[in-house]
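**Student:** Just passing along the structure, written as structure tokens.
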Amino acid sequence: MKAKKLGELYVSFFKIGGLTFGGGLAMLPMLQREVVQKYGWCTEEELLDIYAIGQCTPGIIAVNTATYVGYQQAGFLGSVAGTLGMVSPSLIIICLIASILQNFIHMPIVLHSLAGIRIVVCALMLNTVFTMAKKGIVDKLGAVVFLAAFVLACFTPIPTAVVIVLSGITGIAAKHMERRRSA
């Protein structure tokens, strides 16, 4: 049973790591489909929390997410399976591309293909932002924090990790004040 779970973790994260371009945010749609919809390893809200934690911790967001989900499902070996599944495709693809791409990088069709991939990644990321916003913004404070975080992340040199921590502190402070008022 545990071997089956480890295999599922590895294969799922291998697919996610191998079929998405553009980093952590671009992987969210596949993470939602595999982790939430297909296997039910967590809810959408839990995935958002896991993803936020993955952004705050050192390392690659997608790998941190795979490690956490793997650990949650099968302990230490699950975290290893999830992590290896996520990084294996990149290692394989990078080795293959490095050996081949230097001969073709100057060709217009290759340059246009890469530009097309960037456009698709942007569209996927926007879709994910809208999907996550529907679930994550549940009140006026959430909307204000979202807008403030968006402006700070996009239009200032403040690191994204700092914006995330500030948003978390704001949410904690707001909940604390709300509890004090109701008590």
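**Student:** Quick check: from the Cα gyration tensor, does region 97-183 come out rounded (a/c under 1.5), prolate or oblate?
**Tutor:** It comes out prolate by the Cα gyration axes.
**Student:** Over 24 Å between Cα atoms, which of Lys38/Lys140; Lys5/Lys134; Lys38/Lys134; Lys4/Lys38 qualify?
**Tutor:** The answer is Lys38/Lys140; Lys5/Lys134.
**Student:** Given that just one value was derived from the coordinates, which of (1) 197; (2) 129; (3) 151 is volume of the Cα convex hull per residue in Å³?
**Tutor:** (3)
**Student:** Another one. If I model a spin label at Asn127 and Ser90 as a point 7 Å from the Cα along the Cα→Cβ vector, what separation in nanometres do I get?
**Tutor:** Distance between the two pseudo-spin positions: 2.2 nm.
**Student:** Now for a separate question. Roughly how many Å is it from the Cα centre of region 113-183 to that of region 26-96, as a whole number?
**Tutor:** Comparing the Cα centres of region 113-183 and region 26-96, I get a distance of 20 Å.
**Student:** Here's a follow-up. What dipole magnitude, in Debye to the nearest 20, does the chain give about its Cα centre under +1 on Lys/Arg Cβ and -1 on Asp/Glu Cβ?
**Tutor:** 260 debye
**Student:** While we're looking at this one, here's another question. Quick check on region 59-149: take the gyration tensor over C-alpha atoms, sort the square-rooted eigenvalues as a ≥ b ≥ c, and tell me if it's rounded (a/c under 1.5), prolate or oblate.
**Tutor:** Because a/c hits 1.5 or more and a/b fails to exceed b/c, region 59-149 counts as oblate.
**Student:** A further question follows. Have a look at Leu111, Leu141, Leu152 and tell me which one the Gaussian network model of the chain (Cα, springs below 10 Å) gives the largest fluctuation.
**Tutor:** Leu111
**Student:** Could you tell me which of Val138, Leu166, Ile93 has its Cα farthest along the dipole of region 81-183 towards the positive end, charges placed at Cβ (Lys, Arg +1; Asp, Glu -1), taken about the Cα centre?
**Tutor:** About the Cα centre, the residue reaching furthest to the positive side is Val138.
**Student:** What aspartates and glutamates does Lys15 reach when the alpha-carbon gap must be under 13 Å and sequence neighbours fewer than 8 apart in one chain are set aside?
**Tutor:** By straight Cα distance, Lys15 reaches Glu34.
**Student:** Same structure, new question: Calculate the spin-label point distance for Val162 paired with Phe146, positioning each point 7 Å from the Cα along the beta-carbon direction, and give it in nanometres.
**Tutor:** With each label point 7 Å from Cα toward Cβ, the separation is 2.5 nm.
**Student:** Then there's this: Roughly how many percent of the accessible protein surface of region 28-154 is carbon and sulfur, given a 1.4 Å probe and a whole-percent answer?
**Tutor:** Roughly 73 percent, rounded to a whole number.
**Student:** Over the chain, with a Gaussian network built from C-alpha contacts below 10 Å, which listed residue (Ala143, Ala173, Ala52) shows the highest mean-square fluctuation?
**Tutor:** It is Ala173.
**Student:** Then there's this: Using a 1.4 angstrom probe, figure out how much accessible area region 1-76 has per residue, in square angstrom, rounded to the nearest whole.
**Tutor:** Accessible area per residue, region 1-76: 50 Å².
**Student:** Determine the shape class of region 122-164: with a ≥ b ≥ c the square roots of the Cα gyration tensor eigenvalues, call it rounded for a/c under 1.5, and otherwise prolate if a/b is greater than b/c, oblate otherwise.
**Tutor:** Verdict is oblate for region 122-164.
**Student:** So how much slack lies between Ile117 and His176, counting 0.36 nm per residue of separation and subtracting their Cα-Cα distance, in nm?
**Tutor:** 16.8 nm
**Student:** Could you tell me the relative contact order of the chain? Use alpha-carbon pairs under 8 Å, at least six residues apart, and round to a whole percent.
**Tutor:** 24 percent.
**Student:** Let's test the formula: R0 of 25 Å, r as the Cβ-Cβ distance of Ile53 and Ala153. What FRET efficiency results, to the nearest 0.05?
**Tutor:** 0.90
**Student:** Scanning the chain for helices, which whole DSSP H stretches are 15 Å or more long along the axis (Cα) and average 0.0 or more by Kyte-Doolittle?
**Tutor:** Both cut-offs are met by 2-19, 44-56, 61-100, 108-136, 140-155, 160-182.
The values are calculated or read from the model by the stated rules, or taken from the named source; none is laboratory data. Keep in mind it's a predicted model, so treat the numbers as computed, not measured. FYI the Cβ positions are ideal-geometry reconstructions off the backbone, even for glycines, and counts take in every protein chain you see. For the accessible areas, the whole protein counts, side chains as well, though only heavy atoms, and no ligand, DNA or RNA atoms are used. Shrake-Rupley method; radii C 1.70, N 1.55, O 1.52, S 1.80 Å.
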